[in-house]
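For reference, the structure is listed below as structure tokens.
The values are calculated or read from the model by the stated rules, or taken from the named source; none is laboratory data. Just so you know, these numbers come straight off a predicted model, no measurement behind them. FYI the Cβ positions are ideal-geometry reconstructions off the backbone, even for glycines, and counts take in every protein chain you see. Quick note on the areas: whole protein, heavy atoms, side chains included, nothing else; ligands and nucleic acids left out. Shrake-Rupley method; radii C 1.70, N 1.55, O 1.52, S 1.80 Å.
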Amino acid sequence: MGLSGKDLIGLRDITAEEIKLILDTAGPMKEIIARKIKKVPTLRGRTVITVFYEASTRTRTSFELAAKYLSADTVGLAAATSSVSKGESLKDTARNIAAMGADVVVLRHPMSGAAELLARSLNVSVINAGDGAHEHPTQALLDMYTVREKKGRLDGLKVAIIGDILHSRVARSDIWGYTIMGSEVRLAGPSTLIPAGIEKLGVRVCRTVEEAIEGADVVNVLRIQMERQQQGLFPGLREYSRMFGISPERLSLAAPGALVMHPGPINRGVEMSSEVADGLQSVICEQVTNGVAVRMALLYLLIGGSEQK
Amino acid sequence: MAKLKAQLLDQEGIRRSLTRIAHEIIERNKGTDNLALVGIRRRGAPLAERLAGRIREIEGRAVPVGILDITLYRDDLTTLAHQPLVRSTDVPFPVSGRTVVLVDDVIYTGRTIRAALGALIDLGRPQVIQLAVLIDRGHRELPIRADYVGKNVPTSRKEAVSVRLQEIDGEERVVIMELD
Amino acid sequence: MKLLIKGGTVIDPVAGKINKKDILIVDGRISGSGHNLSRSGAEVLDAKGKLVVPGLIDMHVHLREPGFEAKETIFTGTRAAARGGFTSVACMPNTNPVADNAAVVSSVIKRAHETGVVRVYPIGAISRGSIGEELAEIGDMKESGAVAFSDDGMPVMSSGLMRRAMQYARMLGVTLISHCEDKNLSSGGSMHEGLVSTILGLKGIPASAEEVMVSRDIILAEDTGCRVHIAHVSTAGSVRLVRQAKSRGVGITAEVSPHHFTLTDEAVMGYGACTKVNPPLRSDRDLEAVKEGLADGTIDVIATDHAPHTVEEKDVEYDLAPFGISGLETAVGLVWTELVATGVLTPLQAITKMTLNPARVLGIPGGTLEAGADADITIIDPELSWEVDPKLFASKGRNTPFTGRLLKGLPWVTIVGGRVVMKDCKVDI
């Protein structure tokens, strides 16, 4: 039993069995996080390098903690965004990493496909921590872990994803993951931020946010980037908040006990009100804890076992 | 495929061994004060439950039982062809200051017990750790020995000892298998 | 100096005929054709089982010289052309400096004479620096040998400038080649907008970005009476617009590149940057429409849009890679495999779109095998199966999405002005 590939680039090519294995393994990992001594010796002597071309304290810290709880050594490779535009090639970065002898490379990059490019040029495992608007598989895995923990299943659940789908790697990974696990996914957001042909992925594109939330078991709200307004993709935050913001009234359309989720950081008062973000149905903080557990599971499954993968 | 060579214990044999071990634990520890049992997954877990049941019958007092998954503590992860599943550790009581009896089905090289000691100590600081096993088949590779043994069985390295328990395997016996 | 091409199947687009006959070349010109021509004193090429066609003309290539010699030079680019069966190429002006004045045009012609092995016809820029602000000196460049004008690589965004360029070009009797792309719709995009761009999270270039400009240029062509050629048509909508315009009698022609009738956006899966090209690889529906346009004559010309880049430039994140495919050395194989073998085009139609039609659009010689014409001849082995291996390219540009693909049909001999410049894939013999 194990994962079939050496890398985790996205959830598009993963099986339901593999997702289940990761989520099942994350359970025992969460128990470790709850201990006073949060450390097991599993990955002693292994090295995890985090390479972040985009600032993301939360994801980076989550991966580093996951590695440390499993006794791996972690090194952060500071890769400023500017060096990308300067044309310092990702291939060169890859060569350096290979020379340093890492076992896993965790990559965050502003451009879609960067993780795949890196994985192709390295023999060691690559975990995609978000590449452009492509995928952010560990976020989707922690989302699914959180939902399964609360609801006991994923199959047959109704999941609404609200916001800027076009630029969201989280949305894409969530769509792949949830549909593979048998959930029904609905999308809502400004039509200028719904990417072409997405309905062909087996999701329902709703015209209004109400239609998407109606009867939903999970309401996953995406962050709206202020720069999208400057790019003219939607008219303004006030209108966005009025048309797509999640208020207690809108949330009341969801199924009783529906979970409110957000990949963070939240623009309070824009994509959701503080009442919703801090309300009883919100599992946003648990998502963060579960993120560490899911990443521990993934590190164990990728490099905890036999070397001849 | 491995083929059956001999049966070491039947249902009655297992029952008698566990009863004897339960008596020995009580005697050695002068009762059940401060005592806890922790079974090592997988077959140590039901054995720990059974021992706790036996002790309660004898002493009339319940002993807390926990389950330890030692996968993350194994020293052979990189050499195994198949990556073992990680299961949960469930020790719902503080171990610090207690007398903890680790329970497993078979002791062989001692490496599982070494991993279990590591896992247990990460949960706290027990006063004493003891070890109970149903079968000791020899061939130790580490300086570890069991405090309570159901049956000592000399074996060859080409053999495997298989403990079959009702809770997991749907039958109740201990057999010795010849490996190809 | 005599050369006899014996026993081949001769395709003559001017006569519209295909028959088995010999062709005799004397002193760089076609001296005659017929059955069992005398071989006395002539070197003989046995073309039995092969197709003997007028020298192929690629009216859309980027030779990169001057300025980007790491990508390609006139030396390597013309050798790639010869290997691809092309005896003439028209090169785009987006060099450094841009070919927006007579001096650069003249220097390209001079370099081609010095280092090239096939005929090179420069295309001049429409606007100074190809930045779409002021008209370039089109008249001067025409005098110096530029055969057509284009800001290829960059669209002429200003309708006002494009209209004036067309008025001016009409006065001079030259063709404008339009790279149709509305930057307001395409900016930042790396691939076709559709399901695949959505899956990959790459910014899409909608089909409408091309079609809006095709419409505009048709309207302006109709308005000014200028001859306008639409470069690298890639969408169903563009094919439809050109078809409608032609039926109204608008003086418009169009070309398509082999990758646009062979690959769709599906090829971008995996982010291989050799699939990054502008206009992008489109949908199935677009690919089918392009083939229909080729079959019904809406699309006049097959041109490669040969756009070589270095390996380093392409081996990067998809968004950072430059647009372009190295196309000269796979064109004949793709045309034969994808269009002729499948019955989309007859051999005569295919050859016409690679010889006579581009010659007419540019107003250059070629496309004929009549006695007295320059002996520019290509001999194609239509049955030979081969595997694309960019390591064997003469072009410096190894950026092909067709690596490892099996193709049927390969140029065997390329003859320029009576001289064999390529035989059995070897140039400079």
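Pull up the cross-link candidates among the lysines for residue C:50, meaning alpha carbon to alpha carbon under 27 Å and not fewer than 8 places away within one chain.
C:2, C:6, C:17, C:20, C:21, C:291, C:353, C:391, C:408, C:423, C:426
Quick one: accessible area per residue over chain B, 1.4 Å probe, rounded to a whole number of Å²?
Each residue of chain B exposes 48 Å² on average to a 1.4 Å probe.
Before rounding to the nearest 500, sum -39500 (n - 2.57) across all DSSP H runs of length at least 4 in the protein assembly as shown and divide by the residue total; then give [θ] at 222 nm in deg cm²/dmol.
-9500 deg cm²/dmol
Relative to the isolated chain, which residues of the stretch A:33-47 have their accessible area cut by 40 Å² or more in the presence of all protein chains (1.4 Å probe, heavy atoms, no ligands or nucleic acids)?
By number: A:35, A:37, A:41, A:42.
Take every Cα pair under 8 Å in chain A that's 6+ residues apart, average their separations, divide by the length, and report that relative contact order as a whole percent.
The normalised contact order for chain A reaches 20 percent.
Checking an interface number: how much accessible area is buried between A and B, summed over both chains, with a 1.4 Å probe, in Å² rounded to 100?
The summed interface area works out to 1700 Å².
Which of the aspartates and glutamates could be linked to residue C:142 by a straight reach, that is with a Cα gap under 14 Å, when you skip same-chain ones fewer than 8 residues away?
Of all the aspartates and glutamates, those that pass the test against residue C:142 - Cα under 14 Å, at least 8 places apart if same chain - are C:100.
Just to verify a number: FRET efficiency for residue A:55 and residue C:110, C-beta to C-beta distance, R0 = 60 Å, to 0.05?
Once rounded, the FRET efficiency stands at 0.70.
Calculate the mean, over all residues of peptide C:307-316, of how many other protein chain Cβ atoms lie within 10 angstrom of the residue's Cβ.
Partner Cβ neighbours, averaged per residue: 2.
Highest first, please rank the peptides C:53-65, A:247-259, B:125-137 by the mean number of other Cβ atoms sitting within 10 Å of their residues.
C:53-65, B:125-137, A:247-259
Accessible area per residue for chain C in Å², computed with a 1.4 Å probe and the full protein assembly in place, what is it?
35
Treating only the Cβ atoms of Lys and Arg (+1) and Asp and Glu (-1) as charged, compute the dipole magnitude of the stretch C:302-351 about its Cα centre; round to the nearest 20 debye.
In total the dipole reaches around 380 debye.
Calculate, for chain A, the solvent-accessible area per residue in square angstrom, rolling a 1.4 angstrom probe over the heavy atoms of the protein chains.
39
Quick one: if the Förster radius is 51 Å, what FRET efficiency do residue C:428 and residue C:159 give, using the C-beta to C-beta distance and rounding to 0.05?
That gives a FRET efficiency of 0.65.
Percent antiparallel among DSSP beta bridges with both residues in the stretch B:80-180, to the nearest 5?
Looking only at bridges with both residues in the stretch B:80-180, the antiparallel portion is about 35 percent.
Compute accessible area for the stretch A:1-29 by itself and then with all protein chains, 1.4 Å probe, and report residues whose area falls by 10 Å² or more.
Buried by the other chains: A:1, A:12, A:21, A:25, A:28, A:29.
Quantify, in whole percent, the carbon and sulfur part of the accessible surface of the stretch C:56-362 (1.4 Å probe; protein heavy atoms only).
Reported share for carbon and sulfur atoms: 52 percent.
In a shell of Cβ-Cβ distance under 15 Å around residue C:144, excluding residue C:144 itself, what net charge do Lys and Arg (+1) and Asp and Glu (-1) give?
Net charge around residue C:144: -1.
What's the magnitude of the charge dipole for chain A around its Cα centre, counting Lys and Arg as +1 and Asp and Glu as -1 at the beta-carbon? Answer in Debye, nearest 20.
Its charge dipole is roughly 620 debye.
Mind giving me the nanometre distance, one decimal, between the label points for residue B:80 and residue C:143, set 7 Å out from Cα along Cα→Cβ?
Each label point is offset 7 Å from its Cα along the Cβ direction, giving 8.5 nm.
About its Cα centre, what dipole magnitude does chain C give when the only charges are +1 on Lys and Arg Cβ and -1 on Asp and Glu Cβ, stated in debye to the nearest 20?
1140
Carbon and sulfur together cover what percent of the accessible area of the stretch A:195-248 at a 1.4 Å probe radius?
That fraction is 47 percent.
Between residue B:142 and residue A:39, take the C-beta separation as r, use R0 = 25 Å, and let me know the FRET efficiency to the nearest 0.05.
0.70
For the stretch B:35-154, what relative contact order do you get, as a whole percent, if you take Cα pairs closer than 8 Å and at least 6 residues apart?
The normalised contact order for the stretch B:35-154 reaches 25 percent.
Which angle from 0 to 90°, rounded to the nearest 10, does the C-alpha axis of helix C:159-172 make with the longest principal axis of chain C?
30
Over chain B, what percent of the accessible surface lies on carbon and sulfur atoms, probe 1.4 Å?
Summing carbon and sulfur atoms, their accessible area is 47 percent of the total for chain B.
For a protection proxy built on the mean count of beta-carbon atoms within 10 angstrom, sort A:109-117, A:42-50 highest first, please.
A:109-117, A:42-50
Convex hull over the Cα atoms of chain C, averaged projected area in nm²?
Average projection, Cα convex hull of chain C: 18.3 nm².
Simple spin-label model, 7 Å along Cα-to-Cβ: residue C:292 to residue A:230 in nm?
Label at residue C:292, label at residue A:230, 4.4 nm between them.
Could you name the lysines in cross-link range of residue B:151, using Cα to Cα under 18 Å and dropping any fewer than eight places away on the same chain?
B:5
For the stretch B:74-118, state which residues have at least 40 Å² less accessible area in the presence of all protein chains than in their chain by itself, taking the probe as 1.4 Å and leaving out ligands, DNA and RNA.
B:77, B:78, B:83, B:85, B:86, B:89
With an 8 Å cut-off on Cα pairs and a minimum separation of 6 or more residues, tell me the relative contact order of chain C in percent.
Here the relative contact order equals 20 percent.
Evaluate the distance, in nm, between pseudo-label points positioned 7 Å from the Cα of residue B:127 and of residue B:177 along their respective Cα→Cβ axes.
Distance between label points: 4.1 nm.
Tally the DSSP beta bridges in chain C and give the antiparallel ones as a percent, rounded to 5.
Given both bridge residues lie in chain C, the antiparallel proportion sits at roughly 50 percent.
Can you find, among B:34, B:64, B:48, the residue sitting farthest towards the positive end of the charge dipole of the stretch B:1-85, where Lys and Arg contribute +1 and Asp and Glu -1 at Cβ?
So the residue furthest toward the plus end is B:48.
Can you pull out the buried accessible area for chains A and C, both sides counted, probe 1.4 Å, rounded to the nearest 100 Å²?
1600
Percent antiparallel among DSSP beta bridges with both residues in the stretch A:45-176, to the nearest 5?
Within the stretch A:45-176, antiparallel bridges account for around 5 percent of the total.
Report the residues of the stretch B:15-39 in range of a label on residue B:59: point 7 Å along Cα→C-beta, backbone N strictly under 15 Å from it.
Under cut-off, by backbone N: B:19-38.
Which of C:89, C:73, C:192 sits closest to the plus end of the dipole of the stretch C:56-362, meaning its Cα is farthest towards the positive end, when Lys and Arg get +1 and Asp and Glu get -1 on the C-beta?
Farthest along the dipole direction, towards plus: C:89.
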